[in-house]
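Just below is one structure, and these are the notes that go with it.
The values are calculated or read from the model by the stated rules, or taken from the named source; none is laboratory data. Please read these numbers as outputs of a predicted model, since none were measured by experiment. No Cβ is skipped: glycine too gets one built from the backbone with ideal geometry, and neighbour counts run over all protein chains shown.
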Amino acid sequence: MCGISGILNLGQAPAPSRSELEQMIHALQHRGPDGYGFFLDGPVGLAHARLSIIDLEGGDQPIHNEDCTVQVVFNGEIFNFLELREELQGRGHRFYTRSDTEVIVHLYEEYGDDFVLHLIGQFAIALWDARRQRLLLVRDRAGIRPLYYSIVQGRLYFASELKSLFTQPAVRRELDPVALGEVFTFWCPLEPHSLFRDVRALPPGQRMVVEGGNLSIDRYWDWTFPPGEIDDSRSVEDWAEELRELMIDAVRLRLRSDVPVGAYLSGGLDSSVITSLIHNFTDTALRTFSIGFEDDEFDESGFQQELVRYLDTDHTHVTCTREDIGRIFPKVIWHAESTILRTAPAPLMLLSRHVRESGYKVVLTGEGADEVFGGYDIFKEAKIRRFCHRDPDSELRPQILRRLYPYLKYSPASSGGAFGQQFFQQGMEYIDEPFFAHVPRWTTTRRSWKFFSPELKAAVSGKVDFESIRALLPPDINSWQPLNRDQYVENHTLLSGYLLNSQGDRMAMANSIEGRFPFLDHRVMEFAARIPPRYKIRVLNEKYLLKQSMAGLIPESIRQRNKQPYRAPDSQSFFQNGKAAEWVMDLLSESELRKAGHFNPVAVDKLLKKCATGRVIGFSDNMAFVGILSTMLLDKMFVQGYSSGTFT
């Protein structure tokens, strides 16, 4: 893992300088603490901060081809680099390193821009072709690794993180109100939006070419599904066997490293799959790490310990308190570079710190299994709501909803009565839309708009609504099965825009840790797209096929366990004995709120008092509080220029 940055002149702007590149890449030291590399050639400058994992001695970047006409800096890993290297050597290419990076330049020589189709990995790549005076930027298929860019004053700036771009005075530090409206609806900016006006994100599975002053972006891969009914003539056993073999290979490839590799262990099915496959099908020593909570509502330590005993793994357990979350939250936002609506990233930052302190740089995680194999309650909820819609007068069908959300103290499913009925009837007018499953979540999140200032409300009015999602959807999506539509929307919003960013890449890289995600191997995703939906969710048994593929490999209590999403204490993390932390009170004061201009001070004050009395128990107010607080931190640090250490 690494950080990359660079500058390309698009016209008559000055040539990039070494000092500019140093400013940009030094801002990413946490991503690459093991050294820096630079390349300058006329209109282009490339920079790299290295976290050395493959070819520790010889893998410094930029990496070039035989005659130095192709140069590359890259953030990530190419897991099939050994097979690619052998193939390329057979075609006459000469290698001067043992690094995975070098296969990129030789693949480009062989296949041009389509080199990316040969990669199994997670990556953000910047490649300079000196002969053609041509820059190519590429982001991996699932969006595991970030890549941002800004075009200002005749220059293209790009980097792994926003803070690198903001070292350059030409790139404005100004929040985008439309992107804020998107976060307070969809949980993330809809890419290519970022939260800042001057900055765009290169979306997952896309590549940018800049040549002759012209810029073009195209999609080289998307997670698509077959139209109509999916053939299910194969037995469940056949599907499960193919999945198990594919997952074994995905895990095997992700264990390639010249440094020790560990794994996260949550106590749920997904991380149990990864650790079990390591234990049963590789010779890698199994080192695991887990996070727990003092609050029983969030804690899964019992299940974690059960698997630790089952696999006899060398294990480290970290307990996270509410005080821990409140204490490190400013640092979380500094690294996330985004408004967030939950505190869940904070414990993951604590966990990655302990991984680093244990002498590890790489961990495998179970992220992506719920999106790929149908694990979320939102998918089951949509299935029930569609079922109820076919007989809306039935008194029995709505009772099925009570089986949802058993892990929540305050659930709309268990509340019954008018509130429960109202919640699950939300968005029924969208029953035929591909985003139907997500309307209740988005409606709940959007209630936070009541805390917006009049100016922010005016800026987002008519520009952010459920229709905004259509630009992300393929034209034939309505021909897909309903569950597949639900999965696609989840993948292109919450997964890539929030989970892989704020909970994945950023919280690990804050402590120079590389996370690897076997479930997001594109071969696994393409396989999952072919699975009949009834093998993903069998009645209301989520991830059914994944569970079948692991029979006999993990404890039955974990294999058959109902999904419990990873969560952490939210608003209560910032209050002790009814009093908020001093930095919270200062940040949410009337003067600071009016200075930033995003929120209504009167409405925020009422929410603050409600939190202090412990009466904030529902999703809506908790999301609003965390979202407002994180936005104010974002404004203070990135717009006004305060350091994260100010808020301690």
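For the stretch 197-251, how many residues are in contact with a strand residue (DSSP E or B) (Cβ under 8 Å, 6 or more places away or on another chain) and either among the aliphatic types (A, V, I, L, M) or assigned to a strand (DSSP E or B) (or both)? Total meeting the criteria: 16. Listed by first and then second residue, the pairs with beta-carbon distance under 7 Å, at least 6 apart or on different chains, first residue in the stretch 605-628 and touching a residue at least 40 places away in the same chain (Cβ under 8 Å), second among the aromatic types (Phe, Trp, Tyr) and surrounded by fewer than 17 Cβ atoms within 10 Å (Cβ to Cβ), are Ile617/Tyr410; Gly618/Tyr410. Within the stretch 280-299, the presence of a residue that is in a helix (DSSP H, G or I), of a type outside the set (A, V, I, L, M) and within 24 Å of Leu500 (Cα to Cα) is excluded.
Restricted to the stretch 331-351, and to residues there that are more than 18 Å from Val363 (Cα to Cα) and among the aliphatic types (A, V, I, L, M), the residue that is nearest to the chain's Cα centre (by Cα) is Ala336. You will find that of Val604, Val584, Val626, Val616, the residue that is outside any helix (DSSP H, G or I) and either at pLDDT 95 or above or crowded, with 17+ Cβ neighbours inside 10 Å (or both) is Val616 and no other.
Criterion first (touching a helix residue (DSSP H, G or I) at 6+ places or on another chain (Cβ under 7 Å), crowded, with 24+ Cβ neighbours inside 10 Å, within 21 Å of Trp221 (Cα to Cα) and touching a residue at least 24 places away in the same chain (Cβ under 8 Å)) does Ala508 satisfy it? It is false that Ala508 is touching a helix residue (DSSP H, G or I) at 6+ places or on another chain (Cβ under 7 Å), crowded, with 24+ Cβ neighbours inside 10 Å, within 21 Å of Trp221 (Cα to Cα) and touching a residue at least 24 places away in the same chain (Cβ under 8 Å). Would you be able to say whether some residue in the stretch 87-94 is modelled with pLDDT under 95 and either farther than 25 Å from Gln206 by Cα or over 27 Å from the mean Cα position of the chain (by Cα) (or both)? No, that holds for no residue. Checked against (1) over 23 Å from the mean Cα position of the chain (by Cα); (2) of a type in the set (D, E, K, R); (3) assigned to a helix (DSSP H, G or I), Arg441 passes all but a single condition, namely (1).
Residues that are assigned to a helix (DSSP H, G or I) and touching a Ser or Thr at 6+ places or on another chain (Cβ under 6 Å): does the stretch 516-530 have at least one? Within the stretch 516-530 (the criterion being assigned to a helix (DSSP H, G or I) and touching a Ser or Thr at 6+ places or on another chain (Cβ under 6 Å)), the answer is no, since none of the residues qualifies. Just one of the listed residues (Glu182, Glu191) is surrounded by 16 or more Cβ atoms within 10 Å (Cβ to Cβ), at pLDDT below 95, over 30 Å from Tyr310 (Cβ atoms) and in the same structural domain as Asp140 (by TED's automatic domain parsing), and it is Glu191. Residues of the stretch 536-563 that are of a type in the set (Ser, Thr, Tyr) and either outside any helix (DSSP H, G or I) or modelled with pLDDT of 95 or more (or both): Tyr544, Ser549. It is to be established whether one or more residues within the stretch 163-174 are free of Cβ contacts under 8 Å to residues at least 60 places away in the same chain, within 29 Å of Leu520 (Cα to Cα) and over 25 Å from the mean Cα position of the chain (by Cα). Checking the stretch 163-174: not a single residue is free of Cβ contacts under 8 Å to residues at least 60 places away in the same chain, within 29 Å of Leu520 (Cα to Cα) and over 25 Å from the mean Cα position of the chain (by Cα).
Residue-wise test of (1) in a loop (DSSP other than H, G, I, E, B); (2) in contact (Cβ under 8 Å) with a residue 40 or more places away in the chain; (3) not assigned by TED's automatic domain parsing to the domain that holds Arg353.
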residue	(1), (2), (3)
Ile7	no, yes, yes
Pro14	yes, no, yes
Glu22	no, no, yes
Phe39	no, yes, yes
Leu46	no, yes, yes
Glu66	yes, no, yes
Gln71	no, yes, yes
Gly76	no, yes, yes
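Looking across Ser257, Ser272, one residue alone is within 23 Å of the chain's Cα centre (by Cα), of a type in the set (Ser, Thr, Tyr) and in a loop (DSSP other than H, G, I, E, B). It is Ser257. You will find that of Ile513, Ile477, the residue that is β-branched (Val, Ile, Thr) and not assigned by TED's automatic domain parsing to the domain that holds Leu546 is Ile477 and no other.
Taken over the stretch 300-330, the criterion of being of a type in the set (D, E, K, R) and outside any helix (DSSP H, G or I) is satisfied by Glu300, Asp312, Asp314. Can you find a residue that is assigned to a loop (DSSP other than H, G, I, E, B), among the β-branched types (Val, Ile, Thr) and either closer than 22 Å to Ile340 by Cβ or at pLDDT below 95 (or both) anywhere in the stretch 483-494? There is no residue in the stretch 483-494 that is assigned to a loop (DSSP other than H, G, I, E, B), among the β-branched types (Val, Ile, Thr) and either closer than 22 Å to Ile340 by Cβ or at pLDDT below 95 (or both). Cβ separations smaller than 8 Å between residues 6+ apart or across chains give the following pairs from the stretch 478-490 residues that are within 16 Å of Tyr535 (Cα to Cα) to residues that are of a type in the set (D, E, K, R) and surrounded by 23 or more Cβ atoms within 10 Å (Cβ to Cβ): Leu483/Lys536; Gln487/Glu371. Looking only at the stretch 10-29, residues that are surrounded by fewer than 19 Cβ atoms within 10 Å (Cβ to Cβ) and more than 13 Å from Gln168 (Cβ to Cβ) come to 6 in all.
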